[in-house]
1. I'd like to check which strands (runs of 3 or more DSSP E) are fully inside region B:199-268 and have at least 3 residues that are under 19 Å from B:Ala20 (Cβ atoms).
2. For A:Ala94, state whether it is modelled with pLDDT of 95 or more, under 23 Å from B:Leu115 (Cβ atoms) and within 11 Å of another protein chain (Cβ to nearest Cβ).
3. Which condition number does A:Val64 fail, the rest of (1) in contact with a Phe, Trp or Tyr (Cβ under 6 Å, 6 or more places away or on another chain); (2) without any contact (Cβ under 8 Å) to a residue 40 or more places away in the chain being met?
4. Just to be sure I understand the filter: pairs with C-beta atoms under 9 Å, separated by 6 or more residues or on different chains, first member in region A:88-108 and more than 11 Å from A:Phe246 (Cβ to Cβ), second member among the small types (Gly, Ala, Ser) and assigned to a loop (DSSP other than H, G, I, E, B). Which pairs pass?
5. Checking A:Thr16 against (1) surrounded by fewer than 15 Cβ atoms within 10 Å (Cβ to Cβ); (2) within 14 Å of another protein chain (Cβ to nearest Cβ), which test does it fail?
6. Right, B:Ala224: aliphatic (A, V, I, L, M) and touching an Asp or Glu at 6+ places or on another chain (Cβ under 6 Å) or not?
7. Tell me, yes or no, whether region A:225-232 has at least one residue that is in a helix (DSSP H, G or I) and surrounded by 22 or more Cβ atoms within 10 Å (Cβ to Cβ).
8. Name the residue that is surrounded by the fewest Cβ atoms within 10 Å (Cβ to Cβ), counting only residues in region B:151-178 that are among the polar types (S, T, N, Q) and at pLDDT below 95.
Amino acid sequence: MSFAVTVHTLWLRELTRFRRSKSRLIGSMAMPAIFLIFLGSGFGSFFRYRSNVSYMEFIGPGIVSMSLLFSSMFGGLNVLWDKQFGFLKEILVAPVSRIAIMAGIAMGHVTTSMGKGLIFLAALYAGHLIRLDATGLVVTLIFMFLISASFVSLGIALASVMDDPHGFPLVMNFLIMPVFFLSGALYPLEGLPGWLKMLTYINPLTYGVDGIRFAVGGPSHFSPVSDFLILMVFWIGATLAGAFMFRRMSA
Amino acid sequence: MGSEGEFSIGSGQGRRAVSAIISIKGLGKDFGNLKALHDIDLEIEKGELFGLLGPNGAGKTTLISILGTMLPASRGAASVCGHDVGSKEDAVRRSIGIVFQEPTLDDELTGEENLDFHGRLYGMNASMRGSRIEEVLDLVDLEDRRRDLVKTYSGGMRRRLEIARGLMHRPQVLFLDEPTLGLDPQTRRKIWNYIRGLKDSYGMTIILTTHYMDEAEQLCSRIAIIDRGEIVAEDTPDGLKSRLGGDVVVLGAATEVPQAFLQALRELPAVSNVESQDGRVVLAVTSGESLVPRAFETAHRFGVSIAEVSVRKPNLEDVFIRLTGREIRNETAGGIKDRFRIYRGWERKR
């Protein structure tokens, strides 16, 4: 009972903060939008994938994944700001379980990240860049959840071991950007050179992008079941890592 | 010196054990090679407004952190409200409130939302949260700003909100870590009034740390002076001051103060201690009036010219200097303590 109350409390806080930060919302949605529109239009003129898909249609699921990846990772890393501004002390000294705290923070950022992801999904749908039926939507939501929850947990794990937000650019350049570029969000996985193929295959986001691509009727590379299972394993691993690191952390 | 007996460490008395709400035995904490706390013994009674007085870095916050279950002790044991801080963390956490030295508010939430968040975490239902929020906001005079984001608050208002939040779940023991650090004099006085109000209206046990002598003197019913991780004395403010006995005479020298002069002063009858800093010589004496003429004679003999003299009753600052051999407010200046150590007539026991 008190576990649920704690999760709800932390979740509520994230949502309240989110509602107030319009500029942050716009800021975090700008980059995926720029990728979609500028990159999509730019390459679109000569990209023809399996002849019937335009480049914009191809990268649509990749942009949804990108939005999820970025906002989820930075959501998890937000714990570092709480550490910096002292609020984490207030949370950690309360008579509640740390796992519940971590779950609440994670759920809060999953909610807001998925909200942003859904805005992109709706835009893609409105622009006829994806096809979506009820089943497709449910499958998409499952994949979106797995991507978001995994990377929020990873962000929390990182924030638990980092001392201050100075490490953000490091995470951005050495983790988030490579994970994004090596996920097949921007190019098809067919015919990649061996080394690149290997990197994309060990990247969990690859399976998230592929799963969403399947769900919205795009050209997927793996079977949706293997996408789901691999992502599931990653999600469990990331959650355990996040919970473990967060529990060990001192304010 | 002849007064060592009076300055025995205030531990091992055991006389307060009966109604102790906080009990600390042989507590120690190491950070690597640094001994932040060693061998702390302390009993705090229910309803006390207890002060931990000491310079920055003395170990006050470390002690509070251990009592608040945020830091494990290296040695010894402590209990709060009968719960061991090392093993019954949640029970301890439920019975205490902590107002940290550094800000711990979410400044993107309103004052009210910060309180509501706290109430939820402590398992309070909506109606109880509502009434407690009214109550604590009223106590710290923040009703009119309740719906403003905390980032628009001044330093004093934030402090008040933190205190209010610490009271939300009506803890049996409230820890205030340097509650007036960095605040202006008016705001400090206001915070003092709130703290006194808490004790009067709730009968709560309050433990506050401070490095301000006046704060400890104004607020606390009992004080432990803590220095370099040890409790060097523990008593009521009056009790501590009476340990110095008699008066404090301060001589303001217009010329250089030679060592030999200080030594000669020490040898005068009825002088229990002599400290010197920046041309000021502070003497702890039995009777100020009878010492002054003799001090002047001695000064004359050593060619020291005295520009001013004052005789007063001892304050906590004097007690602190006497106990530790240095002034609390100079702790941050660095190096000064080493200069003082040579003047120390009294070596602390370990």
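The values are calculated or read from the model by the stated rules, or taken from the named source; none is laboratory data. Not measured: the values here are computed from a predicted model. Note: ideal-geometry Cβ built from the backbone for every residue, glycine included; neighbour counts use all protein chains shown.
1. Working: elements: B:205-210, B:222-227, B:230-235, B:247-253.
Answer list for region B:199-268: B:205-210, B:222-227, B:230-235.
2. Criteria not met by A:Ala94.
3. Checking A:Val64 against (1) in contact with a Phe, Trp or Tyr (Cβ under 6 Å, 6 or more places away or on another chain); (2) without any contact (Cβ under 8 Å) to a residue 40 or more places away in the chain, the one that fails is (2).
4. So the pair list comes out as A:Lys89/A:Ala251; A:Glu90/A:Ala251; A:Val93/A:Ala251; A:Val93/B:Gly68; A:Pro95/B:Gly123; A:Val96/B:Gly123.
5. For A:Thr16, the failing item is (1).
6. Taking the combined requirement at face value, the residue satisfies it.
7. Initially, region A:225-232 is screened for residues in a helix (DSSP H, G or I), giving A:225-232.
Applying the additional criterion that residues be surrounded by 22 or more Cβ atoms within 10 Å (Cβ to Cβ) yields A:227, A:231.
Within region A:225-232, one or more residues are in a helix (DSSP H, G or I) and surrounded by 22 or more Cβ atoms within 10 Å (Cβ to Cβ).
8. In this case the residue turns out to be B:Ser154.
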